[in-house]
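Scroll down for the structure; my scribbles are underneath it.
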Amino acid sequence: MSSIHPDQYVSDRLAGRGAAAAGYAPPDPGDGSLIEDPAVRAPLVLNNRSFGEVTEIICGYAEKAPGKWWMPLFAIAGLAAATGTLMIAYLIITGVGVWGLTNQVDWAWDITNFVFWIGIGHAGTLISAILCLFKQKWRTAVNRSAEAMTIFAVICAGMFPAIHVGRIWFIWMVFPLPNSNSIWPNFRSPLLWDVFAVSTYFTVSLLFWFMGLIPDMASLRDRAHKRMLASKRRAEKPRLGDVIRAYVFGMLSMGWRFSSRHWHRYEVAYLILAGLSTPLVLSVHSIVSFDFATSVLPGWHTTIFPPYFVAGAIFGGFAMVLLLLIPAREVFPNFRDFLTLRHIENMAKILLVTGMMVGFAYSMEFFIAWYSGNEYELSVFLNNRANPAKAPYWWAYWTMISCNVISPQVFWFRKLRTNPLVVWIVALAVTIGMWFERFVIIVTSLHRAFLPAEWHMFHPTPVDVLTFVGSCGIFLTLFLLFVRFLPVFAMAEIKAVLPQAHRHDHDDDHHDDHHGEAH
Amino acid sequence: MAITDYFPMLSGLLPKQLRPPAPRYATPSGSPVAGLVAEFGDVSSVCRAGESVRDAGYTKWDLHSPFPIHGAEQVMGMKRTKLPLAVGVIGLSAAGLGWLMQWWMSINYPIVVQGKPPHAWQPFVPIIFESGVLISAFAALIGMLSLNGLPRPHHPLFNHEPFLDASNDRFFIYIEALDPKFDPQKTRDLLTKGGASRVDLVEDL
């Protein structure tokens, strides 16, 4: 396979040579990563970065103070997190009555937020596990930050079911712990399955993330150690930051010494964790959907829920990845070398696909509500959700449809899905739409169930709103701390997909996929 | 991997067979020699040198690179790790224990809901699966670390300053002095001939 260097390709195009001169106008290659020529392998890292430059750039984010934007943003996020924490304290002291819950609508923003956050986490696992099994090398640019996002989102998610139980000091009863009454949990309840699924999901995601971080934390450790040795040679006192980094990363990196014998077992363990996380992530959101699907409430009692929830989770999660990483491309120097336009385009395509899956699920729900002949089910869809003349929550339903089904359709156009600003705006719309999806499922089904005498509207209180804002604050605070102190890219994995990471001295004809753009 | 790697002060207490062998060589300053480390600038040269070390019959040696080199297993003549087998056995046992736990607790405290028999296995499936996955993930991480002899924050190589670039952009081959074929001069020649940009003695401090 003959191939041309992307820079060569771009200069040929500008000079009117090569394919462009032959009367064929190839699509705009953007930053060089959007080449659609089958003879050219699109680069995963731009500007021909060497191993040393990759280390320098990525460790630089974690070592040097970030730009002026960081502190104000951190202050705002921290304030929101503190407010949310106060609201939770108020809730625990006073009771769940501080939320707008009623006898009819006994799940509202709390469970909406729970499903919203846990869904956001799923993109991280999809990127780190499923794309790993499919050998999608572009995942190396996004997996670390997406996995971090998973963990922070699951922290936000896990909070809500814990505080919604009311008497939180009895929360230990969800775990099968021996007690003096010899009472055990009900293992036939999907709510209990949820406890096991979410706690397993959090733990496994944390282990996966930690394992990926071991070599990169060892890099940070060695760099801090080198700086300490350098200041010792200059007979200066070492900087406190370096001493702390050398110790903390020294402990956390487990004494990783980049041995090939270790790497071998590491890669096997990585593959095992990817293989375990793949069914796990599918099971978690399926089990979350069982919370609804196994009930008898019209609007919840549907068999389409598990795949529909999983697709929605991936959809919402990728939107959040884009929402966070597109601004990061603007504020961090050289970030665009690793997160190229092609990464954004790929994720926009995933948004389009999963958006269509979600759209299909919406229409199929509607179709089955009519086709099943179940008048209660159809009434939920028409009179509780869609019909503006009858359904008080029609605006929530149509917000969901326009954000989740209509807005991603712009990604059919290459120009729009390769424009970071457009992608960011759609990602924002999708994030809003996915929150409304859960609100629609939960509240519109509950607020008008079988007995018209019990019909109630749900009105959120300021505590509802501020708790949700607080969870966003906790998420953002944790994410800002992550980009400040840990490597935002998986350095070792990025180095391994660079073209110079492969042997060039022997004829390994069976490794065609190794030949990067440098050939 | 010996216990004395972690707790050198214990070596005097151990029976003779378990004690680490006495160092055979000493540096000019008198410290025992841990091994020889050779530095390389790129993947191809370190792999070529690695093959020559493998073919010379060394067993206690290692290749250090900032990222996993594809094909390093063949270069070093490594056997495939047994980790998947261990994780599989542990994971399946954990899943079985998850089932046993639910079965016993449901019999011990039967809750009559849905008119189902308390020992019915179908509702136990999600938690059986989750317990299997949870314990397998721990087994994979802890198994990987313990087979690697980690955590081990101290290693003679860390005292060799140029080695700190193994986490950046340099490649190293380290041959332990405990290797039966180790000879300060012959091993050094082998590594130099293999194209190393520098070869150094590593002291065991």
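The values are calculated or read from the model by the stated rules, or taken from the named source; none is laboratory data. What you are looking at is a predicted structure, and each value in this text was computed from that prediction instead of being measured. Please note: Cβ atoms are built from the backbone with ideal geometry, for glycine as well, and neighbour counts cover all protein chains shown. Heavy atoms of the whole protein, side chains included, go into the accessibility calculation; ligands, DNA and RNA do not. Shrake-Rupley method; radii C 1.70, N 1.55, O 1.52, S 1.80 Å.
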Given (1) surrounded by 14 or more Cβ atoms within 10 Å (Cβ to Cβ); (2) at the interface with chain A (Cβ under 9 Å from one of its Cβ atoms), identify the lone condition not met by B:Arg80.
(1)
Checking the structure you have, find out if any residue of segment A:35-48 is at pLDDT 80 or above, part of a helix (DSSP H, G or I) and under 33 Å from the mean Cα position of the chain (by Cα).
no
Are there any pairs, at least 6 apart or on different chains, whose C-beta atoms fall under 8 Å, with the first in segment B:111-123 and under 17 Å from A:Phe290 (Cα atoms) and without any contact (Cβ under 8 Å) to a residue 60 or more places away in the chain and the second open to solvent by 50 Å² or more (accessible area, probe 1.4 Å) and not aliphatic (A, V, I, L, M), and if so, which?
B:Pro123/B:Lys116
With respect to the numbered conditions (1) farther than 27 Å from A:Ala496 by Cβ; (2) open to solvent by less than 20 Å² (accessible area, probe 1.4 Å), which one is the sole condition not fulfilled by B:Ala72?
(1)
So for segment A:218-239 (the condition being closer than 20 Å to B:Gly143 by Cα, open to solvent by less than 60 Å² (accessible area, probe 1.4 Å), touching a helix residue (DSSP H, G or I) at 6+ places or on another chain (Cβ under 9 Å) and not polar (S, T, N, Q)), does at least one residue qualify?
yes
How many residues, within segment A:189-200, are open to solvent by less than 20 Å² (accessible area, probe 1.4 Å) and in contact with a Pro (Cβ under 6 Å, 6 or more places away or on another chain)?
1
Can you spot a residue in segment B:108-116 that is farther than 21 Å from A:Phe187 by Cα, out of contact with any helix residue (DSSP H, G or I) (no Cβ under 6 Å at 6 or more places or on another chain) and either more than 7 Å from every other protein chain (Cβ to nearest Cβ) or assigned to a helix (DSSP H, G or I) (or both)?
no
I need every pair where a residue in segment A:391-411 that is part of a helix (DSSP H, G or I) has its Cβ under 9 Å from the Cβ of a residue that is of a type in the set (Ser, Thr, Tyr) and crowded, with 19+ Cβ neighbours inside 10 Å, sequence separation at least 6 or different chains.
A:Ala396/A:Thr444; A:Tyr397/A:Thr444; A:Met400/A:Tyr362; A:Ile401/A:Tyr362; A:Cys403/A:Thr431; A:Asn404/A:Tyr362; A:Val405/A:Tyr362; A:Pro408/A:Thr354
Mind checking whether some residue in segment B:49-56 is surrounded by 18 or more Cβ atoms within 10 Å (Cβ to Cβ) and of a type in the set (Gly, Ala, Ser)?
yes
If I filter segment B:84-95 for residues that are within 7 Å of another protein chain (Cβ to nearest Cβ) and open to solvent by 80 Å² or more (accessible area, probe 1.4 Å), do I get at least one hit?
no
Output the number of residues of segment A:127-152 satisfying the condition of being surrounded by fewer than 24 Cβ atoms within 10 Å (Cβ to Cβ) and outside any helix (DSSP H, G or I).
3
Please enumerate the residues belonging to segment A:421-448 that are more than 22 Å from A:His122 (Cα to Cα) and either open to solvent by 20 Å² or more (accessible area, probe 1.4 Å) or among the acidic types (Asp, Glu) (or both).
A:Leu421, A:Val422, A:Arg448
Which members of segment A:269-287 meet the condition of being within 7 Å of chain B (Cβ to nearest Cβ) and either out of contact with any Ser or Thr (no Cβ under 8 Å at 6 or more places or on another chain) or open to solvent by less than 10 Å² (accessible area, probe 1.4 Å) (or both)?
A:Ala269, A:Leu273, A:Leu280, A:Ser283, A:Ile287
Condition met for A:Arg245 (open to solvent by 40 Å² or more (accessible area, probe 1.4 Å), of a type in the set (Lys, Arg) and on the phi < 0 side of the Ramachandran plot):
no
Looking at segment A:296-317, is at least one residue assigned to a helix (DSSP H, G or I), β-branched (Val, Ile, Thr) and either over 21 Å from A:Phe210 (Cα atoms) or more than 14 Å from chain B (Cβ to nearest Cβ) (or both)?
yes
Could you go through segment A:333-351 and let me know if any residue there is under 17 Å from A:Thr431 (Cα atoms), out of contact with any strand residue (DSSP E or B) (no Cβ under 9 Å at 6 or more places or on another chain) and open to solvent by 10 Å² or more (accessible area, probe 1.4 Å).
yes
From A:Ala15, A:Ala22, residue being open to solvent by 50 Å² or more (accessible area, probe 1.4 Å), at pLDDT below 65 and out of contact with any helix residue (DSSP H, G or I) (no Cβ under 6 Å at 6 or more places or on another chain):
A:Ala22
Within the group A:Asn113, A:Asn179, which residue is assigned to a loop (DSSP other than H, G, I, E, B) and of a type in the set (S, T, N, Q)?
A:Asn179
Residue match in segment A:254-263 (condition: over 23 Å from the mean Cα position of the chain (by Cα) and surrounded by fewer than 17 Cβ atoms within 10 Å (Cβ to Cβ))
no
Inspect all residues belonging to segment B:162-178 and state whether any of them is away from chain A (no Cβ under 14 Å), in contact (Cβ under 8 Å) with a residue 24 or more places away in the chain and surrounded by fewer than 22 Cβ atoms within 10 Å (Cβ to Cβ).
yes
Every pair of residues 6+ apart whose Cβ atoms lie under 6 Å, when the first sits in segment B:135-160 and is closer than 30 Å to B:Ser31 by Cα while the second is in a helix (DSSP H, G or I) and open to solvent by 20 Å² or more (accessible area, probe 1.4 Å):
B:Leu147/A:Arg265; B:Asn148/A:Arg265
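Every residue, every condition in (1) within 17 Å of A:Pro190 (Cα to Cα); (2) of a type in the set (Phe, Trp, Tyr); (3) in a helix (DSSP H, G or I); (4) open to solvent by 70 Å² or more (accessible area, probe 1.4 Å), yes or no:
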{"site": "B:Ser106", "(1), (2), (3), (4)": "yes, no, yes, no"}
{"site": "B:His119", "(1), (2), (3), (4)": "yes, no, no, yes"}
{"site": "B:Pro126", "(1), (2), (3), (4)": "yes, no, yes, no"}
{"site": "B:Glu130", "(1), (2), (3), (4)": "yes, no, yes, no"}
{"site": "B:Leu134", "(1), (2), (3), (4)": "no, no, yes, no"}
{"site": "B:Phe138", "(1), (2), (3), (4)": "no, yes, yes, yes"}
Hey, among the residues in segment A:245-268 that are in contact with a helix residue (DSSP H, G or I) (Cβ under 8 Å, 6 or more places away or on another chain) and over 19 Å from B:Asp165 (Cβ atoms), which one's farthest from the other protein chains (Cβ to nearest Cβ)?
A:Leu252
Give the residues of segment A:211-244 that are free of Cβ contacts under 8 Å to residues at least 40 places away in the same chain and facing chain B (nearest Cβ under 8 Å), sorted by residue number.
A:Arg221, A:Asp222, A:His225, A:Lys226, A:Leu229
Quick one: which residue in A:Phe196, A:Phe187, A:Phe202 is more than 9 Å from chain B (Cβ to nearest Cβ) and over 15 Å from A:Cys59 (Cβ atoms)?
A:Phe202
